[in-house]
1. Can you tell me which residue is nearest to Ala130 (Cα to Cα) among those in region 213-223 that are within 14 Å of the ligand (Cβ to nearest atom) and part of a helix (DSSP H, G or I)?
2. Could you say which residue among Val84, Val89 is farther than 16 Å from Val134 by Cβ, open to solvent by less than 30 Å² (accessible area, probe 1.4 Å) and within 12 Å of the ligand (Cβ to nearest atom)?
3. Pick from region 11-31 the residues that are free of Cβ contacts under 8 Å to residues at least 40 places away in the same chain and more than 14 Å from the chain's Cα centre (by Cα): which of them is farthest from Ala71 (Cα to Cα)?
4. Considering each of Val164, Val122 in turn, give the residue that is farther than 18 Å from Ala221 by Cα and without any contact (Cβ under 8 Å) to a residue 12 or more places away in the chain.
5. Wholly within region 108-212, which helices (runs of 4 or more DSSP H) include no fewer than the required count, namely at least 3 residues that are farther than 27 Å from Gly242 by Cα and under 17 Å from the mean Cα position of the chain (by Cα)?
6. Sort out which residues of region 18-53 are open to solvent by 20 Å² or more (accessible area, probe 1.4 Å), within 15 Å of the ligand (Cβ to nearest atom) and aliphatic (A, V, I, L, M), and write them in order of number.
7. Exactly one condition in (1) open to solvent by less than 80 Å² (accessible area, probe 1.4 Å); (2) within 15 Å of the ligand (Cβ to nearest atom); (3) without any contact (Cβ under 8 Å) to a residue 12 or more places away in the chain is not met by Gln190; state its number.
8. What number goes with the only condition from (1) free of Cβ contacts under 8 Å to residues at least 60 places away in the same chain; (2) away from the ligand (no atom under 12 Å from the Cβ); (3) closer than 16 Å to Ala221 by Cβ; (4) not hydroxyl-bearing (Ser, Thr, Tyr) that Ala8 does not pass?
Amino acid sequence: MRLSGKTAVITGGTRGLGRAIAERYLREGARVVCAARNPYDIKEVIDLDPDRCAYLPVDVTSDQSVDALMAETVDTFGGVDILVANAGVSRDGRVDRLALDDWRDMVSTNLTGVFLCTRAAVPYLERSDAGRIVTVSSSMATRVAVGAAGYCATKAAVEMFTRVSAIELAPRGILVNALAPGILDEGMGQQVTANDRIWSKYRTRLSLGRPGTGEEAADAAVFLAGPEASYVNGHVLEVNGGLLWS
Ligand SMILES: NC(=O)c1ccc[n+]([C@@H]2O[C@H](COP(=O)([O-])OP(=O)(O)OC[C@H]3O[C@@H](n4cnc5c(N)ncnc54)[C@H](OP(=O)(O)O)[C@@H]3O)[C@@H](O)[C@H]2O)c1
C-alpha cells in the first residue's frame with residue numbers, strides 16, 4: 001500500500017498505459033482520477049472501488065479544461081498529491097509528408113498538455129506532504145525512429161521539461177520525474193506488436209525478446225510516485241526491456 005491516502009490524477013487514464021497505472025495505483029491504496037476526453041469502458045475500473053476512483057473529462061490541450069480537472073479533483077477527493085501526465089498521441093509521417101494538423105496534435109497533447117497539467121497541479125501539489133509529478137516520455141525521446149520525428153521530438157521536449165521542472169519545483173516540495181517506456185503490448189505499442197512485419201524488426205532490438213506489459217510500466221510509475229523515490233528528482237526512468245536501438 002505504497003500510495004495509501006494519496007490522490008492521483010492520471011491523464012489518459014482511461015485506456016492503455018494510463019488505465020494500467022490507474023489499476024495499479026488503486027491496488028496501492030490511492031484515490032485515482034482517470035481523466036481523458038472519453039470514458040471508454042473505464043467504469044470497469046471504477047467499479048473496483050467507486051469510493052476511490054472516478055472518471056473526470058479533460059482535454060489536456062485546453063488550459064480551462066485542465067484547470068477545471070484539478071478543481072474537480074479537489075472537490076471529489078479533497079486534494080491532489082500525484083499528477084501522472086500520461087495523455088499522449090502518436091502520428092506517423094516522414095518530415096516531408098507529415099500533416100501540419102498531425103504535428104500540432106502531437107505538440108499540443110504531448111508537450112503543451114504536460115505543461116498545462118503541471119502548471120495547474122502545482123498549487124495543489126505543494127499543499128501535499130509528498131507532491132509528485134510523473135511525466136510520461138518514451139524510449140523514442142532519445143532514439144531515431146524513421147517516420148516519427150514529431151513524436152520523438154515532443155518526447156525529447158518532455159524529458160527536458162521534466163528536468164527543469166524538477167529543479168524549479170523541488171523547493172516547493174514537489175518531485176518531478178519521467179517514465180520512459182519502450183514498446184508495450186498495450187495502447188499505442190500494439191501498433192508495433194500487432195503487425196508481424198514491423199514487430200519482427202523491433203523484436204531483435206529487445207534484449208528480452210518481448211514487449212513490456214502495462215503492469216511492468218505501471219510498477220515503475222508506482223515507484224516514482226511512492227515513498228521509495230523520495231530522493232529521486234529530475235530522473236528519466238526507462239522501462240524498455242533492454243532496448244538496443246541506435
Ligand atoms: N504503449 C506504448 O508502447 C508506449 C510506449 C512509450 C510511451 N508511451 C506513452 O504512454 C502514454 C500513453 O500511451 P498509450 O499507449 O496508453 O496510448 P493510448 O492507448 O492511445 O491512450 C492514450 C490516452 O490519452 C488520452 N488522450 C489523448 N489525447 C488527449 C487529450 N487531448 N486530452 C486528454 N486525454 C487525451 C486518450 O483518451 P481520449 O482520446 O479519450 O482523450 C487515452 O486515454 C503516451 O504518452 C505515450 O506516448 C506509450
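1. Ala221
2. Val89
3. Filtering region 11-31 for residues that are free of Cβ contacts under 8 Å to residues at least 40 places away in the same chain and more than 14 Å from the chain's Cα centre (by Cα), the one farthest from Ala71 (Cα to Cα) comes out as Arg27.
4. Going through Val164, Val122 in turn, the sole match is Val164.
5. Numbers: elements: 113-125, 149-169, 190-193, 196-203.
The helices (runs of 4 or more DSSP H) meeting that bar are 113-125.
6. Ile46, the sole residue that qualifies.
7. For Gln190, the failing item is (1).
8. (1)
The values are calculated or read from the model by the stated rules, or taken from the named source; none is laboratory data. All of these numbers come straight from a predicted model, not from anything done at the bench. Quick reminder, even Gly has a Cβ in these numbers, built from the backbone with ideal geometry, and neighbours come from all protein chains shown. For accessibility, only protein heavy atoms count, side chains too; no ligands or nucleic acids. Shrake-Rupley method; radii C 1.70, N 1.55, O 1.52, S 1.80 Å.
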